[in-house]
1. In region 51-70, how many are over 23 Å from the mean Cα position of the chain (by Cα) and either in a helix (DSSP H, G or I) or buried (at least 16 other Cβ atoms within 10 Å of the Cβ) (or both)?
2. Just one of (1) farther than 22 Å from residue 82 by Cβ; (2) surrounded by 13 or more Cβ atoms within 10 Å (Cβ to Cβ); (3) touching a helix residue (DSSP H, G or I) at 6+ places or on another chain (Cβ under 7 Å) trips up residue 47, so point out which.
3. Scanning for something without any contact (Cβ under 8 Å) to a residue 40 or more places away in the chain, surrounded by 13 or more Cβ atoms within 10 Å (Cβ to Cβ) and not in a loop (DSSP other than H, G, I, E, B), does region 34-44 turn up at least one residue?
4. Among the listed residues 10, 28, 74, identify the single one that is exposed (fewer than 10 other Cβ atoms within 10 Å of the Cβ) and on the phi < 0 side of the Ramachandran plot.
5. Scanning region 94-107 for residues that are exposed (fewer than 12 other Cβ atoms within 10 Å of the Cβ) and part of a helix (DSSP H, G or I), which turns out modelled with the highest pLDDT?
6. Can you find even one residue in region 19-31 that is in a helix (DSSP H, G or I) and closer than 18 Å to residue 93 by Cβ?
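The values are calculated or read from the model by the stated rules, or taken from the named source; none is laboratory data. A quick note: this is a predicted structure, and the numbers were derived from the prediction, not measured. Ideal geometry is used to build each Cβ from the backbone, glycine not excepted, and the neighbour counts take in all protein chains shown.
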């Protein structure tokens with residue numbers, strides 16, 4: 001049996017407060033993780049490769065049902081891109097510069 005009592009306002013507020021604190025800590029850890037990953041050139045290369053594989057820099061339209069698959073990949077990439085821009089926008093700009101300048105040297 002559950003000990004949940006919907007009339008116990010203090011207990012309900014405590015549960016909600018605990019949930020919000022866990023959520024805040026999770027968000028802080030995610031931000032710290034992205035900052036750590038993007039602080040190293042190796043992490044930025046990995047992330048650039050992930051974004052390229054996800055296809056965020058190209059159209060996902062194929063004219064057939066493969067479009068749905070590609071759009072799913074793209075959504076994952078855009079999710080990571082959004083988190084990078086939120087947590088460390090200067091590192092995203094650096095990653096872009098590093099990877100586009102490397103291509104012009106190789107070509």
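1. Qualifying residue count, region 51-70: 1.
2. Against the list (1) farther than 22 Å from residue 82 by Cβ; (2) surrounded by 13 or more Cβ atoms within 10 Å (Cβ to Cβ); (3) touching a helix residue (DSSP H, G or I) at 6+ places or on another chain (Cβ under 7 Å), residue 47 comes up short only on (1).
3. Scanning region 34-44 turns up at least one residue that is without any contact (Cβ under 8 Å) to a residue 40 or more places away in the chain, surrounded by 13 or more Cβ atoms within 10 Å (Cβ to Cβ) and not in a loop (DSSP other than H, G, I, E, B).
4. Answer to the check: 10.
5. My answer is 97.
6. Yes, region 19-31 has at least one match.
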